[in-house]
Structure formats: C-alpha cells, structure tokens
Amino acid sequence: MKAIVNVSLKAGVLDSQGKAVHHALNSLHFKNVSDVRVGKQIILQLDTTDEVQAREDVTKMCEEILANTVIEDYEIELVK
Amino acid sequence: MKVSILQFPGTNCEYDTQHAFEALGAKTEIVWHKSESIPEDTNLLVVAGGFSYGDYLRSGAIAKFSPVMKAVIEYANNGGKVLGICNGFQVLTEARLLPGALKRNEHLHFISKHHNLKVVNNDNIFLEKLSKDEIINIPIAHHDGNYYIDQDGLKDLYANNQVLLTYSDENGDVLNPNGSVDSIAGICNKEKNVFGLMPHPERAMEALLGSDDGVKMLQGFLSA
C-alpha cells in the first residue's frame, strides 16, 4: 500500500513561498488566482495491506517527524 | 569550565565555536552525534551551527533523532545549560526544548551579514554581562531564521522574560531582516537553562574581523 502525505503550513502562518509564486503568476497575467500555498508531498511505500494500521502508523510518523505541528498541518491519503 | 560541542553530519561551526570558547579559557570537546552520552564534566553543551543532515525535510528535523539527542534532552531537563546557535537553535525547537519554530526567511533569500541586535532581557546567564537595551553587532547567516510562535506562546515568552534578543538598527529601533515574529532573534526556555539564537556570537570574537561583541555573550556562561 502507498501513503501520500501532504504537508503544508497551517492556515494563519504566512507562506512566503506561496506569496512569491502568487506574485509570479500575477506577473504572468494569471489574474484569476486569489491565493497560493506551497507544501510538500511525501510518498511512502508501506509493507502492509491493513488500512487502519497504515493510517495509525503514518499518523505517528507525521506527528514525530514528517511534519512540524507547531507550524504545519498534514493530510494522509492511502492508495491501494 | 568544560564546553561540549555537538557535531552532526553537516555541522560546520563546531571548530569556530571551539576556538571561541578556548580563547576565553574554557576546555572543550567535540561530541559526534553517534555518541549516546555527553562528557560527564560538561558545564555547557553547545549545539553548533551548520546544516545538519543537509537541512533535509526541515532544518534540524532529522538531527533531533540522532543518538546523542536523548542525552541532550535528559541533560537539559536536569537543568544542564544548553546553547543552540543558528542550526543549533533550529534543532532545539524541533526537539521541543525551545518553543516555536524557524521558517524560511520572509523574502526567501539566504542572509549573510552583520546585524545589530537589541538585548531585551539580561536576567539570565547568557546575557548577564550585557545591559538591557544594549545594541550589539553580530553576524547572521541563515535561510530559515524566520521565528514563528503563536500568540499564546508569544505572551508566555514575554511574561517570563524569555525573549532575549531582537533584530534592530543601530539605534535599537526594529529592523527585521527575516520576518521573525516581533523581530525575535533569540529566546530561552522558561527555566532559563536552554538558549537559542540565530546570530553567531562565535563569529564576533575579534574587533579586527568586524566585531567582538560575541565575547561578552559567551563569557556569561564561563562565569556561571
């Protein structure tokens, strides 16, 4: 099973990279973009077929290392 | 006085730090991150600057799981004095020995230059040789120095005199190079035994090289 983890800065924490990309899009005349947030994606290949176990394991990984929960949120997607 | 200095793969300020403390008369020892203990006679533990683990994932994130960090956390929790400089500050926040986190600089550039700092609180061993509101000049060199803490955390920092240094101009007015909350450059924990700052006092030891304002900072630890 594969786990896709998306990590991004929490709402309310200024995302300087997102802001810079937003500026760049505006100067390329993509005027219909109102906000940009830049995050990162971590793809994990897991040796399990148990979804409940997988979610529990990956949540622990996120809390301990993959995300810094002081400033970041994470979302986990499991793919069979 | 014995200063132990941590070295991770990618640390690059350990020898400057060693030189600085030895110039002040301290004994030093560099401790490789694989060590599961720190020297017993340690009076001060320094997490030196650099790019531990290439800053992969987040600055300081992987270093916090190095074997030596268990001993560091135990040492700090038992009241041992710990100083994190630059990447060391990032490691200490990741290890939750200090509150908050360090984000990418607001304007996304790596900043490397001398910067003025204002002493906000000196009721701690690190800054006791400096006066409150004194302006000192210390080099900064970082990409992820944008200090973040939420509003409640910030209130706690002020309530306990944990804000130590802010970035300023030569008159002490706010001059914020990296977007840090309230222009914060250095903090300590509530117990005032764990200190973290982005500027490099070990690089400000000789007037001939631009500034010797780091001497008084590091001396604070030696008299303790």
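The values are calculated or read from the model by the stated rules, or taken from the named source; none is laboratory data. Everything numeric here is computed off the predicted structure, so don't read it as measured data. No Cβ is skipped: glycine too gets one built from the backbone with ideal geometry, and neighbour counts run over all protein chains shown. These area figures cover heavy atoms from the full protein model, side chains too; ligands, DNA and RNA do not enter into them. Shrake-Rupley method; radii C 1.70, N 1.55, O 1.52, S 1.80 Å.
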| What pairs come up if the first residue lies in the stretch B:92-104 and is crowded, with 22+ Cβ neighbours inside 10 Å and at pLDDT below 95, the second is in a loop (DSSP other than H, G, I, E, B) and β-branched (Val, Ile, Thr), and their beta carbons are under 8 Å apart, counting only those six or more places apart or on different chains? | none
| Residues that are of a type outside the set (S, T, N, Q), more than 14 Å from B:LEU57 (Cβ to Cβ) and either within 14 Å of chain B (Cβ to nearest Cβ) or open to solvent by less than 90 Å² (accessible area, probe 1.4 Å) (or both), drawn from the stretch A:44-62 | A:LEU46, A:ASP50, A:GLU51, A:ALA54, A:ASP57, A:VAL58, A:LYS60
| query | Consider A:ASP35 against the criteria (1) of a type in the set (D, E, K, R); (2) open to solvent by 80 Å² or more (accessible area, probe 1.4 Å); (3) within 14 Å of another protein chain (Cβ to nearest Cβ): it satisfies all of them except one. Which criterion is unmet? | reply | (3)
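Do you know which residues across the stretch B:107-124 are open to solvent by 60 Å² or more (accessible area, probe 1.4 Å) and within 14 Å of chain A (Cβ to nearest Cβ)?
Residues satisfying the conditions are B:HIS107, B:HIS109, B:PHE110.
On the given criteria, is B:LYS155 touching a residue at least 24 places away in the same chain (Cβ under 8 Å), open to solvent by 30 Å² or more (accessible area, probe 1.4 Å) and more than 14 Å from chain A (Cβ to nearest Cβ)?
no
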| For the stretch B:128-143, does any single residue satisfy the condition of being out of contact with any His (no Cβ under 7 Å at 6 or more places or on another chain) and under 23 Å from A:SER16 (Cα atoms)? | yes
| request: Taking B:LEU45 as the residue in question, decide whether it is within 16 Å of the chain's Cα centre (by Cα), part of a strand (DSSP E or B) and either away from every other protein chain (no Cβ under 14 Å) or under 23 Å from A:ILE65 (Cβ atoms) (or both). | output: yes
| remark: In the stretch A:29-68, residues that are free of Cβ contacts under 8 Å to residues at least 60 places away in the same chain and not in a helix (DSSP H, G or I) total 23
| task | Would you point out which residue out of A:ASN26, A:ASN6 is within 20 Å of B:ARG104 (Cβ to Cβ) and either assigned to a helix (DSSP H, G or I) or open to solvent by 40 Å² or more (accessible area, probe 1.4 Å) (or both)? | result | A:ASN6
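Given the criteria open to solvent by less than 70 Å² (accessible area, probe 1.4 Å), within 11 Å of chain B (Cβ to nearest Cβ) and of a type in the set (Val, Ile, Thr), does A:ILE71 qualify?
In short, yes.
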| Which residue pairs have Cβ atoms under 6 Å apart, sit 6 or more places apart or on different chains, and have a first residue in the stretch B:40-58 that is under 30 Å from A:LYS40 (Cβ atoms) and a second that is of a type in the set (D, E, K, R)? | B:ALA48/B:GLU14
